[in-house]
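Every number here is computed from the coordinates shown, using simple stated rules; none is lab data. Since the model is a prediction, treat every value here as computed from it, not as a measurement. Here the Cβ positions follow ideal geometry from the backbone for every residue, glycine too, while neighbour counts run over all protein chains shown.
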Amino acid sequence: MRECLLCGQLFLPELNLAELFVFKGKRKENLCPHCWAKFEKLSAIRCMVCSKNLSEAGICQDCKIWQKQYDQQLLHHHSLYRYNQEFHDLMVQYKRYGDYMLYGVLRELCSKQLMKIDYDFYIPIPSSPEHLKKRGFDTITAIYQELVPLTPLLKKLSGSSAQGEKNKAERLNTPQMFYVDTTYRNQHHIEIHKNNKILLLDDIYTTGRTLYHARDSLLLENPNVTIESFSICR
């Protein structure tokens with residue numbers, strides 16, 4: 001029996017042989033069926049660029065804004081769930097109040113999807129130094145570190161305020177906040193080639209400003225590499 005991390009209810013987990021093999025028998029289910037049902041998957045009709053729910057196939061208004069700025073160099077984004085009240089409450093508890101154990105819920109929400117895709121480098125969006133000190137852990141790294149081999153090549157500038165504290169206009173006008181950690185790159189002898197594929201990892205895609213900034217900082221040193229992005233929620 002397992003105890004659900006969200007409601008505390010005891011439940012009997014279901015785990016297939018493929019998942020047991022991938023997680024080497026150590027994976028634990030953290031959500032009961034009742035709580036699972038509260039998370040709303042994105043619909044089949046989505047923006048062809050960023051996965052946002054749409055009423056008809058095409059490109060969403062957010063991506064049309066990026067299209068004007070970046071021409072045809074749009075960031076292809078993968079996402080799974082719609083940002084509903086349940087997801088909002090989960091993220092408040094996890095990020096604002098620093099409830100570390102909830103990384104297990106977020107990991108479980110995306111684990112099956114990440115098992116299906118393959119990239120050369122998985123680069124997490126980093127926390128700011130201030131948030132890292134306040135929480136005592138990196139929220140994105142905690143979610144993904146047991147799922148894929150992470151290459152924490154990006155750093156976030158000190159003094160960068162959280163995107164969740166801004167309105168849409170403020171988010172879109174946020175200045176560049178990321179840079180490549182050359183010390184880490186040199187110490188670990190990381191070489192990125194033009195035929196490599198990079199996946200940026202985040203928790204929520206709102207306007208895309210954060211992920212486009214992260215991509216831009218990597219492209220400065222690797223202009224021909226393929227970069228896509230992934231978040232649990234859109």
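Structure above, values below:
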| read-out | value |
| --- | --- |
| Neighbour-limited loop hits for GluC sites (Glu not before Pro), region 25-84 (at most 11 other Cβ within 10 Å; DSSP other than H, G, I, E, B) | GLU56 |
| Computed label-point distance, nm, for sites HIS34 and ASN84 using a 7 Å Cα→Cβ extension | 1.6 nm |
| Nonlocal amide H pairs with LEU6, under 5 Å, H built at 1.01 Å | CYS32 |
| Over the chain, relative contact order from alpha-carbon pairs under 8 Å, at least 6 apart, % | 19 percent |
| Simple Cβ-charge dipole of the chain, Lys/Arg +1 and Asp/Glu -1, about Cα centre, in debye nearest 20 | 180 debye |
| Extension gain from LYS194 to ARG171, taking 0.36 nm per residue of separation minus the Cα-Cα distance | 5.2 nm |
| Extreme residue, positive dipole direction of region 64-172, given options LEU172, GLN73, ILE123 (C-beta unit charges) | LEU172 |
| Fewest-first ranking of SER127, SER55, using other Cβ atoms within 10 Å as the exposure measure | SER55, SER127 |
| Burial ordering of PHE11, PHE178, fewest other beta-carbon atoms within 10 Å first | PHE11, PHE178 |
| Chymotrypsin sites (Phe, Trp or Tyr not before Pro) within region 36-126: DSSP coil, no more than 16 neighbouring Cβ in 10 Å | TYR97 |
| Cα convex hull volume per residue for region 38-233 (Å³) | 129 Å³ |
| Length added when fully stretched, MET1-ALA57, from 0.36 nm per residue minus Cα-Cα | 15.9 nm |
| Length added when fully stretched, ASP99-TYR70, from 0.36 nm per residue minus Cα-Cα | 6.7 nm |
| 0 to 90° range, to nearest 10: angle between helix 61-70 axis and the chain longest Cα axis | 30 degrees |
| Sparse-neighbour loop sites [trypsin sites (Lys or Arg not before Pro); region 117-225; at most 13 other C-beta within 10 Å; DSSP] | LYS194 |
